[in-house]
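Trainee: Can you read through this structure? Questions will come right after.
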Protein chains: 2
Amino acid sequence: MKTAVPGPKSQELMRQLGEIQNVGAIHFFCNYEESRGNYLVDVDGNRMLDVYTQISSIPIGYNHPALMKVMTNPNNVSAFVNRPALGILPPENFPDKLVESLLTIAPSGMTRVQTMACGSCSNENAFKSMFIWYRNKERGDTNPSAEEIGSCMINQSPGCPDLSILSFMGAFHGRTLGCLATTHSKAIHKLDIPAFDWPIAPFPKLQYPLEEFARENAQEEARCLEEVEDLIMKWRQKGKPVAGIVIEPIQAEGGDNHASPDFFIKLRNIARKHGCAFHVDEVQTGGGATGKFWAHEHWGLDDPADVVSFSKKMLTGGYYHRDELQADKPYRIFNTWMGDPSKNLFLSEVLNVIRRENLLEEVTRSGKALLQGLYALQTQYPHILSRARGQGTFCAIDACDDATRNSIMMKARNKGAFLGSCGERSIRFRPSLIFKEYHVHQLLNILNDVLTEHE
Amino acid sequence: MKTAVPGPKSQELMRQLGEIQNVGAIHFFCNYEESRGNYLVDVDGNRMLDVYTQISSIPIGYNHPALMKVMTNPNNVSAFVNRPALGILPPENFPDKLVESLLTIAPSGMTRVQTMACGSCSNENAFKSMFIWYRNKERGDTNPSAEEIGSCMINQSPGCPDLSILSFMGAFHGRTLGCLATTHSKAIHKLDIPAFDWPIAPFPKLQYPLEEFARENAQEEARCLEEVEDLIMKWRQKGKPVAGIVIEPIQAEGGDNHASPDFFIKLRNIARKHGCAFHVDEVQTGGGATGKFWAHEHWGLDDPADVVSFSKKMLTGGYYHRDELQADKPYRIFNTWMGDPSKNLFLSEVLNVIRRENLLEEVTRSGKALLQGLYALQTQYPHILSRARGQGTFCAIDACDDATRNSIMMKARNKGAFLGSCGERSIRFRPSLIFKEYHVHQLLNILNDVLTEHE
């Protein structure tokens with residue numbers, strides 16, 4: 001480390017950018033050319049172990065040689081400079097590329113995939129698929145009525161029906177208006193933006209470590225599931241039936257809140273019982289950080305989800321879905337770009353690297369070391385730290401309050417470890433998939449130094 | 001042309017992709033490597049003059065050497081392989097790149113710009129900016145109340161207020177749930193998707209050529225403006241005040257519907273008078289195709305718009321806005337990626353080419369030739385064609401009915417000219433900015449052949 005972070009160069013750039021944009025969320029400016037693997041270099045020459053990875057979106061570290069090669073392969077140039085309207089004029093290799101990349105990692109039961117540009121667009125379109133599926137089911141084999149066709153043009157029912165998506169308190173599914181109506185993590189995300197009157201169920205508030213509180217946690221989960229069923233009935237009575245349930249396998253923005261496989265299996269059954277689609281949002285949890293490619297693969301669902309959405313570490317947004325969730329007509333799920341084939345090229349290489357280097361095993365190994373280290377820290381500093389939890393390297397720990405959390409993160413940054421926050425007082429660990437045990441130890445040493453000083 | 005389009009290879013690929021996605025909107029598969037300039041080559045070796053350019057999103061043709069160079073410049077590799085979370089960790093050159101590219105073409109009155117990944121996300125976030133601005137104005141200097149903070153988390157007012165955006169019949173502003181509530185072009189876009197109860201004004205139905213029907217058109221525009229004011233009052237009385245008005249300079253998807261500068265100037269004044277923000281959606285019209293960089297520059301507004309959104313030919317999404325439309329706090333307008341710096345690199349080069357080759361003059365010249373040619377065709381085939389209209393090369397003409405329109409387009413395609421449709425029976429012309437007069441003549445010859453056969 002050469003300066004405090006942000007250093008003088010970052011501060012000057014912040015002033016410049018401040019004339020064009022709100023810069024209140026900027027930590028510092030980066031020198032991406034000099035960044036390598038797990039190390040992010042800032043413009044003042046500070047080199048930090050990156051445990052946040054661009055909000056969990058860098059899968060195999062900075063400037064990975066396999067990704068650089070994609071750029072220098074002359075066969076790929078055209079995919080970058082001629083961005084197609086994929087829904088009407090796909091490139092020749094598009095079906096092959098989907099089969100080679102996204103379909104090789106398709107979650108169980110998912111035969112179809114639609115790419116999109118980002119996480120919010122993926123969820124918005126997944127919601128639309130569920131609404132269309134739900135109404136087609138109600139309508140049966142008949143075509144939409146003239147009244148539906150006419151009323152939808154002016155935002156009125158029955159054409160624009162009063163359907164809803166059930167979400168959970170603490171959830172984060174994106175920030176566009178549809179997604180935002182299912183997001184309930186922080187007030188600043190939602191304040192002043194109109195929303196739909198959709199049902200919001202409590203997400204289980206569990207005690208950690210999960211295995212020590214199995215009975216209490218099971219009770220809490222049962223309470224939440226009961227509330228889900230109540231809400232589904234209430235909203236049906238209100239004339240706003242629940243077309244789909246959306247949930248994260250681990251609530252990330254909302255504070256790294258876990259629930260048991262049993263909870264999710266029962267939730268899936270409730271969705272089935274009430275005729276609601278079941279949408280698992282893997283935008284943050286997907287891509288390997290939990291030790292499986294999809295976090296929901298830890299549940300052992302017999303009856304697969306209906307929709308699984310992704311983005312971030314997948315480099316392209318999109319969603320998988322079952323056959324019956326496919327829109328029946330063209331142009332119902334559509335936009336100009338429908339994703340970006342150049343991102344699929346990078347994803348293909350990322351998947352090759354994950355397989356070649358057994359990165360899911362690496363994540364499991366590093367994750368164990370990380371969680372054990374966090375347990376040790378909270379034992380050593382019980383008045384500061386608590387609730388260490390995680391799956392793979394997708395870990396978190398709570399500080400005693402917001403101010404302490406922020407102070408720990410800032411001090412860690414100045415010692416060379418860059419961390420992210422979530423929830424009200426959690427630190428979330430979101431390293432890349434190439435974060436090895438010695439990186440874990442480097443991180444734990446820095447945290448230990450910070451906590452010693454803090455005392 | 002070597003085969004009918006789609007040829008056998010396209011048909012086989014459609015079958016393959018059909019197992020993964022709905023392929024009902026696909027025209028054919030492309031060989032982008034072999035495509036050059038204004039000519040799109042398909043997988044069966046057919047070479048077509050492209051007058052649709054990936055739904056109006058290819059600015060300077062296929063495989064432009066200037067864009068290929070961006071790919072081979074080693075200084076740029078890092079921007080492609082390390083996609084940053086721009087809102088928290090921008091690259092060193094980010095302020096400079098914004099100043100050099102997006103700000104050099106900023107519409108009058110616009111000092112600030114926010115990049116986004118696509119057109120829908122641009123409009124969604126522009127809407128959010130307008131809602132935040134409107135509520136901050138109402139709130140004055142005070143902070144949000146505890147009631148606002150609490151209620152917004154569960155989608156209820158006052159935290160999630162019942163504000164609205166006024167849009168126009170025939171408008172297209174995107175397909176995510178917020179945008180879709182302002183889109184009213186085709187039923188298939190909206191059917192079965194819940195919507196907000198927001199006001200929808202009539203867009204003027206003008207007679208063409210505009211200059212021949214000045215008096216009738218002025219009356220029609222006055223009628224629509226009166227309706228806008230009525231709706232603003234009505235929705236205020238309903239407790240859903242209009243925070244913003246969104247409009248396209250030329251309604252594109254909705255059928256290439258024009259209005260006069262006078263209409264837009266008066267609409268801007270109505271927005272000002274009633275305290276609504278004024279949002280010009282230039283996603284399809286922006287980027288030079290009308291002969292000015294922004295179509296709304298043809299209006300000569302004294303009082304600039306509040307927000308101007310873009311995407312497509314700009315290669316990156318985003319929106320410009322006035323100072324006071326900037327969100328007051330960080331994380332209110334935010335997402336993981338906030339655009340993509342690699343797209344800004346391409347945009348920079350596109351702008352260089354536009355300036356170096358005087359492409360806006362080229363567009364004006366080609367546009368005149370195109371519109372004159374369309375006038376000549378509709379004079380020659382008055383029972384088939386009517387309502388030729390346009391600005392720059394952003395032109396359209398109507399067929400007598402939907403079936404005739406589609407038949408003309410299909411025959412033109414088989415003769416080597418690829419066209420797009422819009423509205424109920426319009427053909428829209430959306431060539432790239434390097435579409436020269438001889439391309440216009442090539443296109444007109446093909447259309448003439450098709451129409452002769454059609455008789």
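The values are calculated or read from the model by the stated rules, or taken from the named source; none is laboratory data. Fair warning: this is a prediction, and the values are worked out from it, not measured in the lab. Neighbour counts run over all protein chains shown; Cβ positions are idealised from the backbone, glycine included. These accessible areas exclude ligands, DNA and RNA; they are computed on the full protein's heavy atoms, side chains included. Shrake-Rupley method; radii C 1.70, N 1.55, O 1.52, S 1.80 Å.
Trainee: Do the conditions hold for residue B:16, that is, is it more than 9 Å from every other protein chain (Cβ to nearest Cβ) and free of Cβ contacts under 8 Å to residues at least 40 places away in the same chain?
Mentor: Here the answer is no, as residue B:16 does not meet what is asked.
Trainee: Then there is this: Restricting to region B:166-183, name every residue that is more than 7 Å from chain A (Cβ to nearest Cβ), outside any loop (DSSP other than H, G, I, E, B) and under 11 Å from residue B:124 (Cα atoms).
Mentor: B:179, B:180
Trainee: So, one more: Residues that are in a loop (DSSP other than H, G, I, E, B), facing chain B (nearest Cβ under 8 Å), of a type in the set (S, T, N, Q) and surrounded by fewer than 24 Cβ atoms within 10 Å (Cβ to Cβ): does region A:65-77 have at least one?
Mentor: Restricting attention to region A:65-77, the residues satisfying the condition of being in a loop (DSSP other than H, G, I, E, B) are A:73.
Within this subset, residues satisfying the condition of being facing chain B (nearest Cβ under 8 Å) are none.
The answer is no; no qualifying residue exists.
Trainee: Is there a residue being of a type in the set (S, T, N, Q), over 22 Å from residue A:187 (Cα atoms) and facing chain A (nearest Cβ under 8 Å) anywhere in region B:135-142?
Mentor: No, region B:135-142 has no match at all.
Trainee: Do we have any residue at all in region B:204-223 that's in a loop (DSSP other than H, G, I, E, B), open to solvent by less than 30 Å² (accessible area, probe 1.4 Å) and more than 20 Å from residue B:390 (Cβ to Cβ)?
Mentor: Looking through region B:204-223, none of the residues is in a loop (DSSP other than H, G, I, E, B), open to solvent by less than 30 Å² (accessible area, probe 1.4 Å) and more than 20 Å from residue B:390 (Cβ to Cβ).
Trainee: Say we look at region B:224-257 and pick out the residues that are of a type outside the set (A, V, I, L, M), crowded, with 18+ Cβ neighbours inside 10 Å and assigned to a helix (DSSP H, G or I); which of these is farthest from the chain's Cα centre (by Cα)?
Mentor: Of all residues in region B:224-257, those of a type outside the set (A, V, I, L, M) come to B:224, B:226-227, B:229-230, B:234-241, B:244, B:248-249, B:251, B:253-257.
Now drop any that are not crowded, with 18+ Cβ neighbours inside 10 Å, which leaves B:224, B:235, B:240-241, B:244, B:248-249, B:251, B:253-257.
Still in the running and assigned to a helix (DSSP H, G or I): B:224, B:235.
Working: B:224: 22, B:235: 27 Å.
Across region B:224-257, the extreme among qualifying residues is B:235.
Trainee: It is to be established whether one or more residues within region B:250-271 are farther than 26 Å from residue B:197 by Cα and within 14 Å of another protein chain (Cβ to nearest Cβ).
Mentor: no
Trainee: Additional query: Name the single residue that is nearest to the other protein chains (Cβ to nearest Cβ) among those in region B:291-330 being of a type in the set (Asp, Glu) and surrounded by fewer than 19 Cβ atoms within 10 Å (Cβ to Cβ).
Mentor: Among those residues, the one meeting the criterion is B:328.
Trainee: Within region A:175-188, can you find the residues that are farther than 22 Å from residue B:195 by Cβ and open to solvent by less than 10 Å² (accessible area, probe 1.4 Å)?
Mentor: Correct list: empty.
Trainee: Looking at region B:331-342, I want the residues that are at the interface with chain A (Cβ under 9 Å from one of its Cβ atoms) and have a partner that is of a type in the set (Lys, Arg) and not in a helix (DSSP H, G or I) with Cβ atoms under 7 Å, at least 6 apart or on another chain. Which pairs are those?
Mentor: Short answer, once both residue conditions are applied: B:334/A:175; B:335/A:175; B:337/B:83; B:340/B:83.
Trainee: Still on this structure: For region B:258-290, which positions are surrounded by fewer than 22 Cβ atoms within 10 Å (Cβ to Cβ) and assigned to a loop (DSSP other than H, G, I, E, B)?
Mentor: B:258, B:260, B:275
Trainee: Can you name every residue in region A:409-455 that is part of a loop (DSSP other than H, G, I, E, B), crowded, with 22+ Cβ neighbours inside 10 Å and hydrophobic (A, V, I, L, M, F, W, C)?
Mentor: A:419, A:433, A:435
Trainee: Next question. Give the residue that is farthest from residue B:299 (Cα to Cα), with candidates limited to residues of region B:97-126 that are in contact with a helix residue (DSSP H, G or I) (Cβ under 6 Å, 6 or more places away or on another chain), at the interface with another protein chain (Cβ under 7 Å from one of its Cβ atoms) and open to solvent by less than 10 Å² (accessible area, probe 1.4 Å).
Mentor: Applying the filter and picking the extreme gives B:124.
Trainee: Further question on the same structure: In this structure, does residue A:186 turn out to be over 20 Å from residue A:272 (Cα atoms), within 12 Å of another protein chain (Cβ to nearest Cβ) and basic (Lys, Arg)?
Mentor: So residue A:186 passes the test.
Trainee: Among the residues of region B:78-96, how many are surrounded by fewer than 20 Cβ atoms within 10 Å (Cβ to Cβ) and part of a helix (DSSP H, G or I)?
Mentor: 1
Trainee: Can you report the number of residues in region B:149-164 which are more than 9 Å from chain A (Cβ to nearest Cβ) and either within 25 Å of residue B:250 (Cβ to Cβ) or in a loop (DSSP other than H, G, I, E, B) (or both)?
Mentor: Residues in region B:149-164 being more than 9 Å from chain A (Cβ to nearest Cβ) and either within 25 Å of residue B:250 (Cβ to Cβ) or in a loop (DSSP other than H, G, I, E, B) (or both): 1 in total.
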